[in-house]
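The values are calculated or read from the model by the stated rules, or taken from the named source; none is laboratory data. Please read all numbers here as calculations on a predicted model, not as lab measurements. Cβ sites come from the backbone with ideal geometry, for glycine too, and all protein chains shown count toward neighbours. These area figures cover heavy atoms from the full protein model, side chains too; ligands, DNA and RNA do not enter into them. Shrake-Rupley method; radii C 1.70, N 1.55, O 1.52, S 1.80 Å.
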Amino acid sequence: MTQTDIYNLIEDEGVEFIRLQFTDIFGTLKNFAVTPGQLDQVFRAKCSFEGSAVYGEKYEVEDKLFVRPELDSFTILPWRPQQAKVAKMVCDVCNEDGSLFTGSSRYVLKQVLHAQEEKGYSFLVDPENEFFLFHTDENGLPTTTSHEKAGYLDVGPMDFGENARREIVLTLEDMGFEVESSHHESGPAQHEIDFKEADALSTADAIQTFRFAVRSIAKRFGLYATFMPKPKSEDPGSGMHLNITLMKDGRNQFFRHGEKQVSPEAYWFIGGILRHGKALSALANPTVNSYKRLLAGFQAPDRLVWASKGERAFVKLKTYPDDAKVELRFPDGSANPYLVLAACIAAGMDGIEKQMDPGEDASVNKVLYQTAEPVANNLREAVLALEQDEVLKAVLGEELTSIIAEIKYKEWEEFMSSVSQWELDRYLIRT
């Protein structure tokens with residue numbers, strides 16, 4: 001799409017506002033809006049914002065940063081009014097001189113992909129997105145309440161969110177998504193929507209747009225959509241499984257014709273993910289709450305193992321008659337998709353470069369589930385591992401690694417200093 005195409009669409013469709021969107025380092029979507037009259041400034045990367053917004057908190061950074069839109073990302077938002085329509089564009093974050101800002105998570109992913117492109121590699125990714133649809137209270141604020149009792153693949157009338165999920169899917173298709181499937185997940189009020197694979201950068205952009213759309217449509221039904229990993233202790237948590245295919249010269253490098261149908265590169269890639277697993281969790285499971293999902297008993301990953309079958313493995317190897325994919329089962333919806341993909345691709349390719357042995361298939365050797373190293377127990381342990389992982393630190397850069405660690409340690413300390421209802425119920429009377 002060209003600038004002229006965008007101007008023509010704006011005139012033909014009556015677009016009056018354009019949201020310029022970027023993502024902070026913790027995966028929160030940010031935006032500011034301009035009118036069509038300001039687009040010339042936008043296309044010349046002359047529209048600025050306070051640089052601290054990139055870090056999700058007030059943090060010392062350049063006073064002003066700028067946005068440069070991806071022209072092909074121009075999309076009219078279907079749920080907004082049909083008069084005075086609203087569109088959005090995904091943007092890179094830039095410095096005043098037009099160079100890309102190295103503290104941007106989208107930049108980090110671009111750098112990783114560029115390094116692999118120089119070796120002839122590219123990556124296809126298709127995500128499996130889980131989320132909850134809860135009621136809101138009388139003030140429109142989110143709750144964790146739902147009256148439904150539906151489970152995996154249940155239908156209406158048990159599935160109270162069926163109409164909202166259908167509207168979400170139709171809206172996504174209006175926005176250019178190719179939705180492959182949607183269904184009710186295992187927990188009450190829990191849903192999953194999967195869309196077609198695309199290159200890694202496009203997928204990360206799409207995940208951010210997907211979350212934005214899901215929340216916006218849910219609100220129209222009086223519901224709140226949350227990608228929180230574990231909103232209710234008694235129910236399963238929500239993941240963001242990522243299926244990765246390594247491509248070179250138009251061929252899937254994880255697939256081989258033959259009895260096993262799996263290449264050595266697939267196993268080595270898995271070996272790299274497992275070797276860097278705890279450090280990866282600092283980015284793929286970046287909240288205190290994330291580690292309440294990664295517990296035994298809810299079909300979530302709890303050991304650093306791979307498997308060809310089963311749900312508890314950290315990584316799953318999926319094979320088809322003419323295809324093979326590596327599924328990362330540990331990431332969750334609180335993660336920044338740009339940083340997760342950047343780190344996981346770097347870790348997997350480190351495994352290929354060093355031919356890392358992933359060990360046995362845990363679905364064949366059942367003892368591995370009991371004896372293998374556990375995943376990181378909490379956010380602090382994961383961040384400590386990240387600080388010691390030279391491969392992932394090289395991906396993020398020293399400064400960004402330091403900022404993430406500082407903010408996440410503070411989050412952990414706040415959690416540890418807070419007194420929960422569970423502690424009051426257990427100890428107030430007894431002690």
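Return a yes/no flag: does the range 93-105 have any residue that is touching a Phe, Trp or Tyr at 6+ places or on another chain (Cβ under 8 Å), under 20 Å from A45 (Cα atoms), modelled with pLDDT of 95 or more and part of a helix (DSSP H, G or I). Within the range 93-105, one or more residues are touching a Phe, Trp or Tyr at 6+ places or on another chain (Cβ under 8 Å), under 20 Å from A45 (Cα atoms), modelled with pLDDT of 95 or more and part of a helix (DSSP H, G or I). From the list V315, V262, V288, the lone residue that is under 27 Å from V108 (Cβ atoms) and touching a residue at least 60 places away in the same chain (Cβ under 8 Å) is V288. Between E167, E197, E128, the distinction of being within 27 Å of G297 (Cβ to Cβ) and at pLDDT 95 or above belongs to E128 only. Looking only at residues in the range 150-199 that are β-branched (V, I, T) and not in a strand (DSSP E or B), the one that is most open to solvent (accessible area, probe 1.4 Å) is V155. Pairs meeting the criteria (first residue in the range 25-37 and open to solvent by 60 Å² or more (accessible area, probe 1.4 Å), second residue among the acidic types (D, E) and not in a strand (DSSP E or B), beta carbons under 9 Å, at least 6 apart or on different chains) are K30/D24. Residues in the range 60-83 that are part of a loop (DSSP other than H, G, I, E, B), at pLDDT 90 or above and hydrophobic (A, V, I, L, M, F, W, C) were compared, and the one that is surrounded by the fewest Cβ atoms within 10 Å (Cβ to Cβ) is W79. Within the range 1-21, the residues that satisfy the criterion of being outside any helix (DSSP H, G or I) and open to solvent by less than 10 Å² (accessible area, probe 1.4 Å) are V15, I18, L20, Q21.
Scanning the range 108-143 for residues that are surrounded by 15 or more Cβ atoms within 10 Å (Cβ to Cβ) and either more than 30 Å from L396 (Cα to Cα) or free of Cβ contacts under 8 Å to residues at least 24 places away in the same chain (or both) yields F132, L133, F134, H135, T136, P142. Among the residues of the range 318-331, the ones that are open to solvent by 10 Å² or more (accessible area, probe 1.4 Å) and of a type outside the set (F, W, Y) come to 7 in all.
A quick yes/no check of all residues on (1) under 29 Å from G351 (Cα atoms); (2) crowded, with 17+ Cβ neighbours inside 10 Å:
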| site | (1), (2) |
| --- | --- |
| N377 | yes, no |
| L392 | yes, yes |
| M416 | no, no |
| S420 | no, no |
| D425 | no, no |
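Given the conditions (1) under 24 Å from Q299 (Cβ atoms); (2) at pLDDT 95 or above, which single one is not true for E411? Among (1) under 24 Å from Q299 (Cβ atoms); (2) at pLDDT 95 or above, E411 violates only (1).
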